[in-house]
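See structure below.
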Amino acid sequence: MAEKLLEIKNLKQYFNKGKANEVRAVDDISFDIYKGETLGLVGESGCGKSTTGRSIIRLYNATAGDVIFDGINVHGKKSKSELKIFNRKMQMIFQDPYASLNPRMKVMDIIAEGLDIHALTKTAKERKDRVHELLETVGLSKEHANRYPHEFSGGQRQRLGIARALAVDPEFIIADEPISALDVSIQAQVVNLLKELQEEKGLTYLFIAHDLSMVKYISDRIGVMFFGKLVELAPAEELYKNPLHPYTQSLLSAIPLPDPNYERTRVRKSYDPASHNYQDGEEIAMREVNPGHFVFCSEREFKSLK
Amino acid sequence: MEKILEVKDLQLSFHTFAGEVQAIRGVNFDLLKGETLAIVGESGSGKSVTTKAIMRLLPESSSEFKSGEILFNGRDLTKLSDREMRKIRGKDISMIFQDPMTSLNPTMPIGKQITEPLLKHQGVGRSEAKKIAIDLLRMVGMPKPELRIKQYPHQFSGGQRQRIVIAIALACNPKILIADEPTTALDVTIQAQILELMKDLQKKIDTSIIFITHDLGVVANVADRVAVMYGGRIVEMGTVDEVFYNPQHPYTWGLLSSMPSLDTDSKLYAIPGTPPDLLNPPKGDAFALRSEYALAIDLEQAPPVFKISDTHFASTWLLHPDAPQVEPPATIIERMKKFPGSRYYEGEAK
């Protein structure tokens, strides 16, 4: 496959470190993201998938580990101008469209904020046109530019967030549950849009979500997280056909599909972390079971999976 | 089957600074005892407004019933006074909202919130109400309910909060439960648990459920019948099999093809354009401008409701005897192959 755009090495993100209430939100995970691909990250809330995304874009300072973007360490020391260049390359679409839009700014200014900071448009008319164009790409109309966020539904607000991220033509976008709040038909529009943009501009995505059928559709590879650990990482097709970690199997069996016959026969598996029966001293690590298919398991489990 | 709720030609408008928004433009449906009716459609299609109208939760200052009636137990809910309505709300008809964080009161222990409807409607004493609340919490699968009853909403996870909301909604054994996107904010594994819980409880207390969602997977899982709403009207209604395997309205086709199945590789079908502006609703079929199957008459006149079977209805001119026969999208033909009675049916091949 193509060159690596991002390398995440032993990333750890602990909150309240050293205190009694220490939370290991992300606990020693490593993976690569290749140029032009979409890496899906799934798992239930609290498993650390959003925290992983936020640590990668330096919204949190990582407790340990490295994030290397295009050969440069994201968490390394940077001057203001270096940070500015970096910020333009990496953008984020946030999970909560209610919290991520400034209620006191008009849509026009929210979307154009990035354009202004990076001086991407020269005239007021150009700025306006660009905002209108962005609004239309995300399925809104240009009349919306003069409104405030509270005038929009949750779905529309999320589309504003996407328009804002697209405004500065980034290379890498972290999409944190970008479509969870959208209608099915609009989800398809947005996902198609994200895919088109990817082909056009060679964008790379880290797509964090819990809607597994959409994740499979958009992703080239998928990582499954459970309690701060990456438990399985495989090409999308392979993960769905041949899930190996019991947690992945349980997660996949919980997705409802738009097919009543399938729904009548679907049996949900539950996952019990105690079922592994790990002995003391057993080393549990990511092991490559099939080419490109990694599972977080012990040596003993690895042998039985192979 | 016994009809528990009848909505007849409901029309409702909102008065805004911009003018009159015709949010519901003639909605008809029945709810049968013990069934789950799913209402699907995009934001602004009127699905939430319909259920809020049933609950009379819409602001009286800005909303107006234009015509129609909502019959529950022989009484027209649109005509009741606030006082009479309060006796029904939370007792005979109750509601589960989308976001459990905003539908629970953050300053009140959850026990107090669960006992509220019991004290109000059932006339039970405080200690009796507390006992029932503990039983309810146990019923919705909350561990250690005796202790947790004193805790506040922020001390619970999202899935647990939704269980509490369900416990409150079920406190008075309602005849109708309206669930407005109850699992949209939850994880798949938690969603699966909540759906199983709702189905289980439905069997126990024999309540009817109106389930609003835009997740067609969830619909396929829970619904007995499905109503598809678009532009303030129900455009197609039928049993879950009829709507998923023999859909007739182009909007339903669009909805079903825009969701990827686990084998979709090709580009997703996205319904082009945006929902209609209900300030100036289109004259003909509201979906015509976004539909590649639109006929000339669609722009002139709204289609009547055509009957496909005793339980299956759709409102599209394509079903008129004089309409040209059109080929539905490939993904829809694949679905129709599974439906006995459709012209693409392929027997037992599955």
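Computed quantities for the displayed model
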read-out: Given charges at beta-carbon only (K, R positive; D, E negative), |dipole| of the protein assembly as shown in Debye; value: 2200 debye
read-out: For residues of B:179-187, the mean tally of beta carbons on other chains within 10 Å; value: 2
read-out: Nearby lysines by direct alpha-carbon distance to B:Lys130 (threshold 16 angstrom, same-chain neighbours under 8 apart not counted); value: B:Lys112, B:Lys120, B:Lys144, B:Lys150
read-out: Additional length obtainable on full extension of the chain from B:Asn280 to B:Leu32, 0.36 nm per residue less Cα span; value: 85.9 nm
read-out: Nitroxide proxy distance, nm - points 7 Å out along Cα→Cβ at B:Glu2 and B:Lys131; value: 2.8 nm
read-out: Positive-end residue, chain B charge dipole about Cα centroid, Cβ charges, pick of B:Ala171, B:Ile212, B:Val235; value: B:Ala171
read-out: Positive dipole terminus of the range B:236-307, leading residue within B:Leu278, B:Tyr293, B:Tyr245 (C-beta point charges); value: B:Leu278
read-out: Exposure of A:Asp70 as accessible area (Å², to 10), given a probe of 1.4 Å and all protein chains; value: 60 Å²
read-out: Inter-chain shielding of A:258-268 (mean C-beta neighbours from other protein chains, 10 Å cut-off); value: 6
read-out: Magnitude of the charge dipole, chain B, Cβ model with Lys/Arg +1 and Asp/Glu -1, debye to 20; value: 1740 debye
read-out: Cα-centred dipole magnitude for the range A:1-99, charges only on beta-carbon of K, R (+1) and D, E (-1), debye, nearest 20; value: 500 debye
read-out: Added length on full extension, which subtracts the Cα-Cα distance from 0.36 nm per residue, A:Arg24 to A:Lys269; value: 85.6 nm
read-out: Neighbour net charge for B:Phe313 - beta-carbon separation under 10 angstrom, K R +1, D E -1; value: -2
read-out: Sequence-distant residues sharing a close amide H with A:Met225 (under 5 Å, placed H); value: A:Val42, A:Gly43, A:Val231
read-out: HN-Hα J in Hz across the range A:135-149 - Karplus 6.51, -1.76, 1.60, θ = phi - 60°, x for Gly and Pro; value: 4, 5, 4, 9, x, 10, 10, 5, 4, 5, 4, 9, 9, 9, x
read-out: Shape category assigned to the range A:170-306 from the gyration tensor of Cα positions, a/c cut at 1.5; value: oblate
read-out: Under the Karplus curve 6.51 cos²θ - 1.76 cosθ + 1.60, θ = phi - 60°, whole-Hz ³J(HN,Hα) for the range B:231-237, x wherever Gly or Pro sits; value: x, x, 9, 8, 9, 8, 8
read-out: Calculated from backbone phi, Karplus (6.51, -1.76, 1.60) coupling profile of the range A:288-297 in Hz, x at Gly/Pro; value: 7, 7, 10, x, x, 10, 9, 10, 7, 8
read-out: Cβ-derived FRET efficiency at R0 35 Å, B:Thr16 paired with B:Lys79, nearest 0.05; value: 0.90
read-out: Local electrostatic count at B:Ala220 - Lys and Arg +1, Asp and Glu -1, tallied over other residues with Cβ under 12 Å; value: -2
read-out: Cα-based equivalent ellipsoid, chain B: semi-axes from gyration tensor eigenvalues, Å; value: 37, 24, 18
read-out: The range B:1-107 shape via C-alpha gyration tensor axes, a/c threshold 1.5; value: rounded
read-out: Over chain A, relative contact order from alpha-carbon pairs under 8 Å, at least 6 apart, %; value: 20 percent
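The values are calculated or read from the model by the stated rules, or taken from the named source; none is laboratory data. What you see is a predicted model; the values in this text were computed from it and never measured. Ideal geometry is used to build each Cβ from the backbone, glycine not excepted, and the neighbour counts take in all protein chains shown. These accessible areas exclude ligands, DNA and RNA; they are computed on the full protein's heavy atoms, side chains included. Shrake-Rupley method; radii C 1.70, N 1.55, O 1.52, S 1.80 Å.
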